[in-house]
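Notes follow once the structure below has been shown.
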Amino acid sequence: GEDVEQSLFLSVREGDSSVINCTYTDSSSTYLYWYKQEPGAGLQLLTYIFSNMDMKQDQRLTVLLNKKDKHLSLRIADTQTGDSAIYFCAESKGQNFVFGPGTRLSVLP
Amino acid sequence: EADIYQTPRYLVIGTGKKITLECSQTMGHDKMYWYQQDPGMELHLIHYSYGVNSTEKGDLSSESTVSRIRTEHFPLTLESARPSHTSQYLCASSELDRDNSPLHFGNGTRLTVT
């Protein structure tokens with residue numbers, strides 16, 4: 001089956017790094033995505049990685065992919081209060097998308 | 001920048017009323033989706049469309065219906081709203097012919113049925 005799993009909650013202190021983890025089960029997934037959802041809003045695409053890549057960096061965001069273990073992580077460097085949100089991991093195979101349950105990131109001052 | 005719009009943002013309505021949630025996108029995307037997001041945050045796909053005159057049911061059974069008469073417009077209708085329909089409804093779109101086309105989401109409609 002296709003299940004994407006994430007921890008539901010993460011708390012970090014402002015200025016620290018945040019690492020949000022995700023595991024997926026469909027090894028044939030072609031792309032993996034990270035979305036951010038702020039209160040009262042839709043999902044905003046943060047970044048994505050192709051399944052033949054190990055790492056992708058975009059400013060404060062680093063995505064790591066371990067295809068053998070089907071593990072994806074999102075690292076946010078120098079976490080700010082504006083990073084408080086729900087983060088969704090998603091996998092796609094062709095035209096189908098499967099979302100994880102979301103990780104609620106709380107940034108403490 | 002994604003251009004996908006949902007109206008209304010918030011709707012409070014009584015049981016038994018008929019409602020239509022609007023979704024429009026200006027990106028020329030062929031594929032459009034409706035997700036229902038429950039208070040536990042999970043997203044559930046309830047409808048999708050590959051293009052004009054195409055509608056498919058998603059993974060979660062829903063009493064709502066959709067139509068796709070124009071590429072840019074994908075409204076969702078509830079013939080008789082019930083309190084169990086209270087939820088956030090998110091519309092999304094993507095390109096059909098690109099494998100790495102991500103989903104672009106609207107800001108959602110938060111529906112409360114009293």
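Please treat every number below as a calculation from the coordinates, not as lab data. None of these values were measured; they are calculated from a predicted model. Every residue, glycine as well, gets a Cβ built from its backbone with ideal geometry; the counts of neighbours run over all protein chains shown.
Distance from a point 7 Å along Cα→Cβ of B:L60 to each backbone N in region A:1-23: keep the residues under 12 Å and list them by number. Counting only backbone N, you get no residues.
Region B:4-50 and region A:85-104 have Cα centres lying 18 Å from one another. Over all pairs of different C-alpha atoms in region A:62-109, the reciprocal of the mean inverse distance, the Kirkwood hydrodynamic radius, equals 12.6 Å.
As a length-normalised measure over Cα pairs under 8 Å and 6 or more apart, the relative contact order of chain B settles at 36 percent.
Placing +1 on the Cβ of every Lys and Arg and -1 on the Cβ of every Asp and Glu, with nothing else charged, gives chain A a dipole about its Cα centre of roughly 120 debye.
Looking at region B:57-105, the trypsin sites (Lys or Arg not before Pro) that sit in a DSSP loop and have at most 12 other Cβ atoms within 10 Å of their own Cβ are B:R98.
Cα centroid separation, region B:59-94 to region A:12-61: 27 Å. Highest mobility in the GNM of chain A, judged by mean-square fluctuation with C-alpha springs under 10 Å and restricted to A:S27, A:S18, A:S73, is found for A:S27.
Entry note, chain A: relative contact order of 38 percent, from Cα contacts under 8 Å with a spacing of 6+ residues.
Net charge in the neighbourhood of A:V63 (other residues with Cβ under 11 Å of its Cβ; Lys, Arg +1, Asp, Glu -1) is 0. If you take all other residues with their beta carbon under 10 Å from the beta carbon of B:G106, and give Lys and Arg +1 and Asp and Glu -1, the sum is -1. Within the protein assembly as shown, the proportion of C-alpha pairs whose separation exceeds 32 Å stands at 19%. Summarised in one figure, the compactness ratio Rg/Rh of chain B, Cα atoms and Kirkwood Rh, is 0.95. Comparing A:A90, A:Y31, A:L8 along the charge dipole axis of chain A, the residue lying farthest to the positive side is A:Y31, per the Cβ-charge model. Lacking any other cysteine beta-carbon closer than 4.7 Å is a condition met by no Cys residue of the protein assembly as shown. In the protein assembly as shown, taking the dipole from charged Cβ atoms about the Cα centre, the farthest positive-side position among B:N53, B:L11, B:S67 is held by B:L11. Each label was represented as a point 7 Å from its Cα along the Cα-to-Cβ direction; for B:S80 and A:T25 these points are 3.7 nm apart. Applying a threshold of 25 Å to the alpha-carbon distances of A:K36/A:K67; A:K68/B:K57; A:K68/A:K93; A:K67/A:K93; A:K70/B:K57; A:K70/B:K31 flags A:K68/B:K57; A:K70/B:K57; A:K70/B:K31 as lying beyond it.
Within chain B, the longest segment free of exposed loop sites, counting GluC sites (Glu not before Pro) that fall outside DSSP classes H, G, I, E and B and have at most 15 other Cβ atoms within 10 Å, spans B:2-41.
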